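These notes concern the structure reproduced below.
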Amino acid sequence: MDYTTIFQRAESFVKGLFEKNDNKALVFHNLEHTREVVARAKEIASHFDLSEKDQAIVYISAWFHDTGHIFVEPAMHEVKSIELMKSFLAREETGAEELVKPVEKCILSTRMGYEPKTLPEQIMCDADTYHFAAPEFKNGNKQLKKELILRKIITRTTNWNKKSLEFMEAHQYYTPYCKDLLEEGKQKNIERLRKKILETEMKGPAAHGRKKANSISPKEEKNNASLLSKGIQTMLRLTSGNHLDLSDMADRKANILISVNALIISVILSVLIRRLEVDTYLTIPTITFLVSSLITIVIAILATLPKVSGGRFSKEDILNKRTNLLFFGNFHKATLPEYEWGMQQMMKDHEYLYGALIKDIYYLGVVLGRKYKLLRMAYYVFMVGIIISVLAFAVAVILNKGGPEPSATMPF
């Protein structure tokens, strides 16, 4: 049997059906969609070692699977598609009848709730839902909604996004090829649907409140929204500015501690250490003073020590809102085109942009908390060190009154 010839005749037959029975309501289940499913079926089938017969089964199924939409309601379109397929194969050469049953099962595999068993059935099922993972899923979903409205299956008020989300969450790909290639893209489209549903739900109460407060004119409502937006921007800008001022103040305080204690250490090392051979009673006070100054410097340096992260981000990080491009540590190793693309995506999404600003302020606060904690510790060490050192010098001098005279050269 020449399976290639049968497949080519099936293509001509289905094209003729769509052309002769032009249904304006079929804005999704049309000839273009059928061609796309056939192309996807060929793509998936090419990754498996199928016999000529199984290839013909998959391709004929792909061409016929939605032909029933031309004549009947969506709920019965698989039954009608099978009827049209049987009518076509009955007119073919002897032996074509052996394709009827497997093609029928492949067409039925596209029905919701059906569990495909054979590889051709799995290929057909995955080809029909390939667009779930495609970037153009949003447009296709809108077309499907429009078609169902035109065919009076749903109304304009139907929560179509919620129905689509429920179907996609329950959906699965069956072939290993589609699982590896499409699952990630499908999850992205699911996340977009969830976000759209959440935005719609958040707008609902606000729209209800606006409708209820009908005494406010549209112009006043717009002005109020503008003032609220400006108020939020001012609050975020002032808060961020205050955090930066406090960070700068902490750095200045730390630099003062470092400078003063560095000077003390240099004086001790250059002047006093040389006199300890003579004035041995000053050894303990000197070491105490030197150690406290050294510890103070170390803590002050830790307070101002910068921390830089990896400096790179991926497109998935931006699309899933996992990175903050307002902080240089997240992008300093990225290329300019990558950064421009990421910022454009952020600026398109007000929720993402405000979220990034809020995260920036939060992490500034976390860094400030660490800085001031270390700075406070450094000041305490410096204060306690000076007190102990001065007392130690005093005690040493008092205890040495009856001993040898101190050297003529004193450090202070």
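The values are calculated or read from the model by the stated rules, or taken from the named source; none is laboratory data. This structure is a prediction, so every number in the text was calculated from the model and none was measured. Glycine also receives a Cβ, built like all others from the backbone with ideal geometry; neighbour counts cover every protein chain displayed.
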Notebook entry, point to check: So which residues in region 368-404 are in a loop (DSSP other than H, G, I, E, B), touching a residue at least 60 places away in the same chain (Cβ under 8 Å) and surrounded by fewer than 13 Cβ atoms within 10 Å (Cβ to Cβ), if there are any at all?
Noted result: Gly403
Check: In region 99-131, what residues are more than 21 Å from Glu183 (Cβ to Cβ), surrounded by fewer than 20 Cβ atoms within 10 Å (Cβ to Cβ) and hydrophobic (A, V, I, L, M, F, W, C)?
Finding: Val100, Leu108
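Go through the residues of region 288-297 one by one and say whether even a single one is assigned by TED's automatic domain parsing to the domain that holds Ala392, under 22 Å from Gly385 (Cα atoms), touching a Gly at 6+ places or on another chain (Cβ under 6 Å) and assigned to a helix (DSSP H, G or I).
Here is the first cut: in region 288-297, the ones assigned by TED's automatic domain parsing to the domain that holds Ala392 are 288-297.
After this cut, where a residue has to be under 22 Å from Gly385 (Cα atoms) as well, the list is 288-297.
Filter again for touching a Gly at 6+ places or on another chain (Cβ under 6 Å), leaving 292.
Still in the list and also assigned to a helix (DSSP H, G or I): 292.
Yes: one or more hits.
Considering each of Ala56, Ala62, Ala25, Ala75 in turn, give the residue that is of a type in the set (Gly, Ala, Ser), over 36 Å from the mean Cα position of the chain (by Cα) and within 15 Å of Ile123 (Cα to Cα).
Among Ala56, Ala62, Ala25, Ala75, only Ala56 is of a type in the set (Gly, Ala, Ser), over 36 Å from the mean Cα position of the chain (by Cα) and within 15 Å of Ile123 (Cα to Cα).
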Check: Given the structure, is Ala254 at pLDDT 85 or above and touching a Ser or Thr at 6+ places or on another chain (Cβ under 6 Å)?
Finding: yes
Check: In region 34-65, what residues are more than 23 Å from Glu98 (Cβ to Cβ) and charged (D, E, K, R)?
Finding: Arg35, Glu36, Arg40, Glu43
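Let's see how each residue does on (1) assigned to a loop (DSSP other than H, G, I, E, B); (2) over 26 Å from Asp248 (Cβ atoms); (3) not assigned by TED's automatic domain parsing to the domain that holds Leu246:
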residue: Lys307; (1), (2), (3): yes, no, no
residue: Phe313; (1), (2), (3): yes, yes, no
residue: Thr323; (1), (2), (3): yes, no, no
residue: Ala334; (1), (2), (3): yes, yes, no
residue: Trp341; (1), (2), (3): no, yes, no
residue: Gln344; (1), (2), (3): no, yes, no
residue: Glu351; (1), (2), (3): no, yes, no
residue: Gly355; (1), (2), (3): no, no, no
residue: Val366; (1), (2), (3): no, no, no
Margin query: Please go through region 17-37 and give me each residue that is without any contact (Cβ under 8 Å) to a residue 40 or more places away in the chain and under 18 Å from Ile82 (Cβ atoms), ordered by number.
Written below: Thr34
Checklist line | Residue that is touching a Leu at 6+ places or on another chain (Cβ under 9 Å) and in a loop (DSSP other than H, G, I, E, B), where the choices are Ala25, Ala56 | finding: Ala25
Notebook entry, point to check: Restricting attention to region 91-111, which residues are at pLDDT below 90 and of a type in the set (A, V, I, L, M)?
Noted result: Ala96
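Go through Glu78, Glu73 for me and flag whichever is buried (at least 19 other Cβ atoms within 10 Å of the Cβ) and at pLDDT below 95.
Glu78
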Check: Does Ala134 count as assigned by TED's automatic domain parsing to the domain that holds Asp180, of a type in the set (Gly, Ala, Ser) and surrounded by fewer than 19 Cβ atoms within 10 Å (Cβ to Cβ)?
Finding: yes
Notebook entry, point to check: Restricting the first residue to region 115-129 and requiring it to be basic (Lys, Arg), which pairs with a second residue that is crowded, with 23+ Cβ neighbours inside 10 Å meet a Cβ separation below 9 Å and a spacing of at least six or different chains?
Noted result: Lys117/Ser109
Note to self: I need every pair where a residue in region 266-282 that is within 19 Å of Leu294 (Cβ to Cβ) has its Cβ under 6 Å from the Cβ of a residue that is at pLDDT 75 or above and of a type outside the set (Phe, Trp, Tyr), sequence separation at least 6 or different chains.
What the structure shows: Ile268/Leu290; Leu272/Thr286; Leu276/Thr283; Leu282/Ala396
Check: Across region 162-189, which residue is nearest to the chain's Cα centre (by Cα) among those that are within 22 Å of Tyr352 (Cβ to Cβ) and surrounded by fewer than 18 Cβ atoms within 10 Å (Cβ to Cβ)?
Finding: Lys188
